[in-house]
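Student: This structure is in structure tokens; I'll ask about it shortly.
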Amino acid sequence: MVAANRSTSKLMNEAISPHTDAIVKACWSCHGPVHVGILFCPTCKAVQGPAALDHFQRLGLKIHFKISHNVLDQVYFDLQRQLHPDRFAGKSPKEKALSQQQATALNDAYETLKDDLRRADYMVHLQGTEVLSEGCNLVSDQSILIEAMEMREHLTTIDTMLELNILSKKTKTETDAIVEQIAKAFESNAIETAGRLTTRLKYLHKMMDEIRHVRAKLLA
């Protein structure tokens, strides 16, 4: 994991793989050499367009499921500060457009990696494996479907806040356990297992949404 006290430029350099780091393109402004993935041209300081990097590379992090949210926040907000519109108030329309594209790409990466479910889904896809969508009826997913169906059926019978709180706590506990299992699956490179667990996590997240809906009805 990248240390929290390193500079953003160092973080970005470490994010780029040896292959990507070897790729040099011409700056659109001064035509000087710029390594792919760098925000600004080292010669003329012009902002560059977002490169085709994965979310981890874009935020200067190694591909790992367990992320320090403090580090993630620090890197993201530091990079976004460099792309703040006020810094480009007197720049050309092209630079303003490129800075907005960079900010959008960084925001997409941050929103994906800060969430356990979205991060797991993304990491599985990086490995070329498909995560079963919520509602999937594949035979290999029957156990997850049955579990989700039983939980929803139980939810329909609940009419007190006490019962709902018990179910909510149980679902939250199961969710936390699944997240830990997903982390272990990625650590052992068991991508198929990580995909199956991510599918189950999707059902649990859906269940928490339905619990919140029932809670609102009980409180109304």
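The values are calculated or read from the model by the stated rules, or taken from the named source; none is laboratory data. Since the model is a prediction, treat every value here as computed from it, not as a measurement. Methodologically, a virtual Cβ is constructed for each residue, glycine included, from the backbone with ideal geometry; neighbour enumeration extends over all protein chains shown.
Student: Can you say whether THR157 is modelled with pLDDT of 95 or more and hydroxyl-bearing (Ser, Thr, Tyr), as far as the supplied structure shows?
Tutor: The answer is no for THR157.
Student: I would also like to ask the following. What do you reckon, is ALA220 surrounded by 13 or more Cβ atoms within 10 Å (Cβ to Cβ), at negative phi, small (Gly, Ala, Ser) and modelled with pLDDT under 95?
Tutor: So ALA220 fails the test.
Student: What do you reckon, is ALA190 surrounded by 12 or more Cβ atoms within 10 Å (Cβ to Cβ), within 20 Å of ILE67 (Cα to Cα) and under 18 Å from the mean Cα position of the chain (by Cα)?
Tutor: No, not satisfied.
Student: Assess whether LEU117 counts as being touching a His at 6+ places or on another chain (Cβ under 7 Å), modelled with pLDDT of 95 or more and buried (at least 16 other Cβ atoms within 10 Å of the Cβ).
Tutor: Here the answer is yes, as LEU117 does meet what is asked.
Student: Among the residues that make up the range 76-94, is at least one of them within 14 Å of the chain's Cα centre (by Cα), closer than 24 Å to ALA120 by Cα, surrounded by fewer than 17 Cβ atoms within 10 Å (Cβ to Cβ) and modelled with pLDDT of 95 or more?
Tutor: No.
Student: Output the residues belonging to the range 185-200 that are at pLDDT below 95 and either closer than 11 Å to ILE144 by Cβ or in a helix (DSSP H, G or I) (or both).
Tutor: The answer is ILE191, GLU192, THR193, ALA194, GLY195, ARG196, LEU197, THR198, THR199, ARG200.
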